[in-house]
1. Hey, what do the phi angles of the stretch 64-73 turn into as Karplus ³J(HN,Hα) couplings, whole Hz, using 6.51/-1.76/1.60 and θ = phi - 60°, x for Gly and Pro?
2. Over the Cα atoms of the stretch 8-122, what is the Rg over Rh ratio if Rh follows Kirkwood?
3. Under 14 Å from the Cβ of residue 34, count the other residues' Cβ atoms, weight Lys and Arg +1, Asp and Glu -1, and hand me the total.
4. Between the stretch 79-100 and the stretch 1-41, how many Å separate their Cα centres?
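Derivation of every value follows stated rules applied to the coordinates shown; laboratory data play no part. Small disclaimer: the values here were computed from a predicted structure and weren't measured. Cβ atoms come from the backbone with ideal geometry, glycine included; neighbour counts cover every protein chain shown.
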Amino acid sequence: MKVRGTDFVMYQVSDLARAARFYRETLGLSQTLYSEEWQWAEFDCGNVTLCLHGGVTLPETIAGGRIALAVEDVHAAWAELKGKDASAVGEPVDYSVCCAVEVRDPDGNTVILHRRSDGTCGQNLGTGDGDVPTIKPQTHRDRLA
């Protein structure tokens, strides 16, 4: 099997209209599809589509994936969201290779606002010659744990 890419990332939400409003109005994402009938919404995140599947009975605690949205200035984005009463999980943290802060959507799904120190985002990483870039665990992954 060869994976060609990522088609979308999906969050399950209890109230599609409320969640879509958060991603559209609070986070400012461009909504590309909305269907009450299908309980489905899609948002353009640049290099990947974020989908919401509504009408789901969620567990008390959400444990699962996260989406990291690349922003120009994590501190400015965090300040903007605080003004919109978004639920932040702490304050922005500088990990030397990146800066990030976590916020929660209305159902408790985690959204990471993120900026790489080198200014790249998405798949704009590596040499383009098929080599997979590496990051030293002690400078990135261990700090995020």
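1. x, x, 9, 10, 9, 9, 6, 10, 5, 9
2. Checking Rg against Rh, the ratio lands at 0.96.
3. Charge balance in the 14 Å sphere: -3.
4. Using only Cα atoms, the two centres lie 22 Å from each other.
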